[in-house]
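Working notes, beginning with the structure itself.
None of the figures in this text is laboratory data; all of them are computed from the coordinates on show. If you're wondering where the values come from, they're calculated on a predicted model, not measured in any experiment. Positions of Cβ are generated from backbone atoms using ideal geometry, with glycine treated the same way; all protein chains shown enter the neighbour counts.
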Amino acid sequence: MGADLEPGTLLLAYRTGLFPMPVGEHLAWWSPDPRGVIPLDGLRVSRSLRRSLRRYRVTSDEAFDRVVEACADRSRPGGWIDERIRHAYGVLHAMGWAHSVETWSDDGELVGGLYGVAVGGLFAGESMFSRATDASKVALVHLVDRLRRGGCALLDVQWLTPHLASLGAVEIPRPEYLGRLREAVRLPQCWG
C-alpha cells in the first residue's frame, strides 16, 4: 500500500512484476499468483471473431485518453480506474510508455479498445472496454499481431477471467512469470 504514481515508480513496478490498483482511497500494488498471460502464439480467434475483424477500423494511440475514459466508466462492473490512474497513465502515454488500441465503427464511433504499458519486450495490459459486439476482442487481436511483429515476449493480463480464457489466456505461477518478465524487459522496445 502507498507510494506514488510518478512515471519512475510505475515503470519500476512493471519491471518488477507489480501494478497499481486503488482500494478505496488507498493505492495498492499487486503481483497475483498465479498471473494471467496470453501466449502470443496462443490467441484463439473464433470464426465469428474473424468476421468481426472485417467489421471495424482499428488504430493505435489515436485516442488514448478516450480509451482510458471508457475503461474508467464507473457504471461498468468492477470499475477501479480513478482520476489518479487516468492522470498517471496519460503522463506515461505522453512519454511514449503507455499505448492504446482503438476499435471504430463504420460511422466513426469509438466502440472498443484497450490500453497498457510497454517496457522492452513486455506489454502489460491494463484494461479494455467494448460497446459493440467483439469490439474489444478485435482490439486484442490487433494488439497481439503488433506485439508479435515487434518482437514482444510477454503479454501480461494480470488475472485470468473467463473472457480472457476464451481467447487463450492462461495462468502461470508467479516465479515463472517473474523469470519471463526479467527476460522480457531486457529486450529492445517492442512497441514501435
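By the Cβ distance rule of under 4.7 Å, the chain has these cysteines without a partner: Cys71.
Counting charges near Ala184 (Lys, Arg +1; Asp, Glu -1) among other residues having Cβ under 13 Å from its Cβ returns a value of +2.
For the range 49-140, the fraction of C-alpha pairs farther apart than 16 angstrom is 51 percent. Look at the dipole of the range 34-185 built from charges on Cβ: of Val117, Ala70, Ser46, the Cα furthest out on the positive end belongs to Ser46. Taken about its Cα centre, the range 73-162 carries a charge dipole of roughly 260 debye when the Cβ of each Lys and Arg holds +1 and the Cβ of each Asp and Glu holds -1. Packing-based ranking of 84-90, 174-180, 23-29 yields 84-90, 174-180, 23-29, ordered from highest to lowest mean Cβ neighbour count within 10 Å.
Note on the chain: GNM, Cα springs under 10 Å; of Leu140, Leu12, Leu154, the largest mean-square fluctuation is that of Leu12.
Size descriptors for the chain, from the alpha-carbon set: Rg then Dmax equal 15.6, 46 Å. Calculated [222 nm] ellipticity per residue, helices only, for the chain: -10500 deg cm²/dmol; basis is -39500 (n - 2.57) per DSSP H run with n ≥ 4, divided by all residues, nearest 500.
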